[in-house]
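Before any comments, here is the structure.
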Ligand code: TXA
Ligand code: MG
């Protein structure tokens with residue numbers, strides 16, 4: 001089966017209505033979507049991505065009204081976040097309704113809900129007329145796709161359709177906040193920063209995995225975001241690379257060593273926007289080692305450092 005490519009959100013939505021799986025752009029990364037209420041379609045997502053069945057999916061809505069189809073209760077703090085941020089790169093974990101099948105939530109009684117702030121995604125979601133569950137549209141373990149060509153590289157022939165949009169704007173996955181816990185916990189950092197969340201609800205905290213404790217967000221325990229090349233983190237100015245041969249560099253400052261492939265970003269936002277596409281380009285060029293300059297863990301720098309650390313874990 002060849003994957004159908006289209007720029008039309010309505011055409012892409014037809015595949016969802018027929019029980020298919022469709023990759024579509026959002027402001028964070030491309031997602032691989034299916035009708036949340038269609039168990040067979042949801043199963044196809046796990047199969048296409050080779051995703052572990054214990055990793056829950058995020059449901060995407062095209063309107064605020066659709067949240068009620070997914071969440072059985074929206075508590076006061078969740079309501080505050082929705083009012084302050086939706087639509088945005090923010091996912092709220094809420095108690096699920098009984099209509100949401102357990103395959104979508106990996107047997108959890110909660111569901112992640114997000115309303116993308118992206119024109120094409122919204123047009124697509126509205127045309128689907130149902131919430132759409134979607135993980136990032138990459139093969140499990142690979143860097144999330146920020147361009148449709150990366151989706152094609154991983155999933156051509158394995159999915160029904162790709163809705164072709166531009167390169168995604170943020171480049172990193174959404175911030176995930178568990179609204180069912182007290183205190184509120186940020187399970188995954190992203191473009192909606194801890195500082196922004198704390199302005200609305202000051203008690204919000206970063207979730208830290210403690211040893212001997214089962215992970216709250218199953219996705220956190222899986223290997224993520226890794227290119228084939230070995231990834232090393234380098235502190236700014238402390239260039240320790242042995243040689244730049246078969247090696248690449250991405251960061252904010254030009255290093256003193258020559259590399260085969262170099263990407264200098266003018267801001268942390270640009271670094272976040274570019275990093276996953278850069279990892280994939282390095283793999284295509286058979287780069288063996290990628291050096292990533294570390295950034296200050298503030299604002300989106302916190303999310304960027306989280307992804308870089310995960311990529312560097314072996
Ligand atoms: O930006 C994004 O969030 C993208 C776009 C497509 O929306 N999606 C994405 O999905 O990154 P995925 O599946 O690659 O990552 C979802 C993360 C995982 O870490 C998962 O464990 C967590 O969200 N998650 C989903 N539902 C959850 C739940 N009910 N409880 C705790 N964590 C949950
Ligand atoms: Mg993912």
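Per DSSP H run of at least 4 residues, take -39500 (n - 2.57); add these up for the chain, divide by its residues and hand me the 222 nm value, nearest 500 deg cm²/dmol.
Calculated mean residue ellipticity at 222 nm is -8500 deg cm²/dmol.
Mind checking the angle between helix 268-284 and the chain's longest principal axis? C-alpha axes, 0 to 90 degrees, to the nearest 10.
Long axis of 268-284 versus the principal axis of the chain: about 80 degrees.
On full extension of the chain, what length is gained from residue 246 through residue 281, given 0.36 nm per residue of separation minus the C-alpha to C-alpha distance? Mind dumping the intermediate values first?
Values: separation 35, 0.36 × 35 = 12.60 nm, distance 1.29 nm.
Net length gain for the segment: 11.3 nm.
Roughly what angle does helix 76-85 make with the longest principal axis of the chain, taking Cα atoms, 0 to 90 degrees, to the nearest 10?
Once rounded, one gets 60 degrees.
Modelled label-to-label distance, residue 258 and residue 126, 7 Å Cα→beta-carbon offset: nm?
The answer from the label model is 5.4 nm.
Take 91, 110 and order them by how many other Cβ atoms sit within 10 Å, fewest up front.
110, 91
Whole number please: convex hull volume per residue of the Cα set in the range 55-136, in Å³?
85 Å³
Return, for the Cα atoms of the range 230-312, the radius of gyration and Dmax in Å, separated by a comma.
11.6, 33
Could you please tell me the mean projected area of the C-alpha convex hull for the chain, averaged over all directions and given in square nanometres to one decimal?
Result: 15.5 nm².
Mean projection of the alpha-carbon convex hull of the range 94-170 over all orientations, in nm²?
Numbers: hull surface 24.6 nm².
Over all viewing directions, the range 94-170 projects a mean Cα-hull area of 6.2 nm².
At residue 109 and residue 40, where each label point lies 7 Å from the Cα along Cα→Cβ, what is the point-to-point distance in nanometres?
3.1 nm
Mind jotting down the distance between the C-alpha centroids of the range 272-302 and the range 88-166, whole Å?
23 Å
Give me 282, 161 sorted ascending by neighbouring Cβ count inside 10 Å, so fewest comes first.
Exposure proxy ranking, most exposed first: 161, 282.
Where both residues lie in the chain, what percent of DSSP beta bridges are antiparallel, nearest 5?
35 percent
For the pair residue 209/residue 166, report the inter-label distance in nm, with labels modelled 7 Å from Cα in the Cβ direction.
The two pseudo-label positions are separated by 3.5 nm.
With 10 angstrom as the radius, rank 302, 233, 102 by how many other C-beta atoms surround their C-beta, starting from the fewest.
Going from sparsest to densest Cβ surroundings: 102, 233, 302.
What is the P(r) of the range 1-146, as percent of Cα-Cα pairs per 5 Å bin from 0?
Result returned by the calculation: 2, 11, 21, 25, 22, 13, 5, 1, 0, 0.
No value in this document is a laboratory result; all are computed from the given coordinates. Predicted, not measured: the structure shown is a model, and the values here were computed from it. Because the Cβ atoms are built from the backbone with ideal geometry, glycine has one as well, and the counts that use them run over all protein chains shown.
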